[in-house]
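The values are calculated or read from the model by the stated rules, or taken from the named source; none is laboratory data. This one's a predicted model, so the numbers in the text were calculated from it and none came from an experiment. Positions of Cβ are generated from backbone atoms using ideal geometry, with glycine treated the same way; all protein chains shown enter the neighbour counts. For the accessible areas, the whole protein counts, side chains as well, though only heavy atoms, and no ligand, DNA or RNA atoms are used. Shrake-Rupley method; radii C 1.70, N 1.55, O 1.52, S 1.80 Å.
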Amino acid sequence: PPKLLFHHGTLRSGDHLSTEGDLLLFGDVNPGATISAGGDVMIWGRLRGTAHAGKDGLSKSKIVALQLRPLQLRIGNLVARGPEEQPEPGLAEEAKVLNGQIVIQPACTKTSLLNKHVESAENLNSKL
């Protein structure tokens, strides 16, 4: 099973952090810095540099950050530029592969999934 590498600190221009498993960074990735992992890349901060998840071709990997404004995103063998519009305030974002393209959307949490299930159950109960 892939291991998790934990790193605390901001990556600055010229820095490169890489691992074969998943990577969790507490800090920012500034322009000119690169972060890569064989599995998922998770950043508790802003991504403004380059990130590569699934660096060995694993397209099921994800990139998650509090703010995704990278110079370049790579997931598996796919490459994309970061969005120019500002993110929704208060929401973490994730990049993943859908239909052969990298898409960025609000990050889905177990809590939000649980809330959807609770709302569905409440709607069902109100109809009974």
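With respect to being modelled with pLDDT under 90 and either outside any helix (DSSP H, G or I) or not aromatic (Phe, Trp, Tyr) (or both), LYS116 fits the description.
Given the condition free of Cβ contacts under 8 Å to residues at least 60 places away in the same chain and over 19 Å from ILE102 (Cα atoms), answer yes or no: does some residue in segment 32-39 qualify? Taking every residue of segment 32-39 in turn, at least one turns out to be free of Cβ contacts under 8 Å to residues at least 60 places away in the same chain and over 19 Å from ILE102 (Cα atoms).
Of these, VAL103, VAL41, VAL79, which one is under 26 Å from ARG12 (Cβ atoms), surrounded by fewer than 17 Cβ atoms within 10 Å (Cβ to Cβ) and modelled with pLDDT of 90 or more?
On inspection, the qualifying residue turns out to be VAL79.
Scanning segment 44-56 for residues being over 20 Å from PRO89 (Cβ atoms) and open to solvent by 60 Å² or more (accessible area, probe 1.4 Å) gives a total of 1. Among the candidates SER59, SER18, the residue that is among the hydroxyl-bearing types (Ser, Thr, Tyr), out of contact with any His (no Cβ under 8 Å at 6 or more places or on another chain), open to solvent by 10 Å² or more (accessible area, probe 1.4 Å) and not in a strand (DSSP E or B) is uniquely SER59.
Within segment 21-37, take every residue that is within 18 Å of GLN67 (Cβ to Cβ) and in a loop (DSSP other than H, G, I, E, B) and give me the one that is most open to solvent (accessible area, probe 1.4 Å). Here the answer is PRO31.
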